[in-house]
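Colleague: Below: one structure in structure tokens.
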Amino acid sequence: MSTSLKELNAFWKFEKEALNGSSIQKRSYKLYNTPIINFTIDDIRFMIGQEIGLKHLIPISIGYLREDILTEGMYYPGDLLKMVLTIHTSFWKNHQQEKKDLQSLIKKSELNVNLLNLDESSKTKFREIINDFLSL
């Protein structure tokens with residue numbers, strides 16, 4: 001997609017403080033004005049975490065997750081999936097097809113969280129997030 005989230009009129013929450021704000025606000029502002037085609041997987045993960053441009057970025061992220069359910073942004077295999085699963089449930093209520101697609105993808109993937117290089121507490125939390133999403 002050669003347009004930016006700004007050009008798509010995506011929701012923007014950092015209007016006034018973006019240029020003089022925190023590193024998160026500055027990165028969000030930069031990405032908000034960057035063509036989506038130039039986003040890295042981690043840029044997508046980051047913007048989803050900020051809940052900016054979800055209706056445009058969730059379908060792209062599902063595409064990446066179809067290729068590899070454990071697609072990695074910056075932190076660990078599966079960090080994109082975890083970020084997608086933790087967005088506010090109101091998004092999924094209004095985007096039922098995407099929710100069904102992702103639930104189906106997770107079920108078909110036979111994802112084994114135990115194989116991830118995470119501590120036991122993080123594995124437990126990840127399993128809870130997956131189960132919560134599957135029960136939406």
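Colleague: Could you list, in their original order, any pairs among LYS30/LYS55; LYS6/LYS55; LYS30/LYS93 whose Cα atoms are separated by more than 22 Å?
Modeller: LYS30/LYS93
Colleague: Right, another one. Treating only the Cβ of Lys, Arg, Asp and Glu as charged (+1, +1, -1, -1), what charge dipole size does the range 1-81 show about its Cα centre? Round to the nearest 20 debye.
Modeller: 300 debye
Colleague: Okay, next question. Just from its helices, what would the mean residue ellipticity at 222 nm be for the chain, if runs of 4 or more DSSP H residues each count -39500 (n - 2.57) and the sum is divided by every residue, rounded to the nearest 500 deg cm²/dmol?
Modeller: -16500 deg cm²/dmol
Colleague: Once you list every other residue whose beta carbon is under 13 Å from the beta carbon of LYS100, what net charge do they have if Lys and Arg are +1 and Asp and Glu are -1?
Modeller: Here the count lands on +2.
Colleague: Separate question: What is the range 23-134's relative contact order, in percent, from Cα pairs under 8 angstrom and six or more apart in sequence?
Modeller: 21 percent
Colleague: Can you give the direction-averaged projected area of the convex hull of the alpha-carbon atoms in the chain, in nm²?
Modeller: Mean shadow area of the hull around the Cα atoms is 8.4 nm².
Colleague: At 15 Å minimum axial length over the Cα atoms and a Kyte-Doolittle cut of 0.0, report the qualifying DSSP H helices in the chain, or say none.
Modeller: 54-67
Each value in this text was obtained by applying a stated rule to the coordinates, not by laboratory testing. On a predicted model such as this, the values are computed, not experimentally measured, just so you know. Note that we place each Cβ from the backbone using ideal geometry, even for glycine, and neighbour counts take in every protein chain shown.
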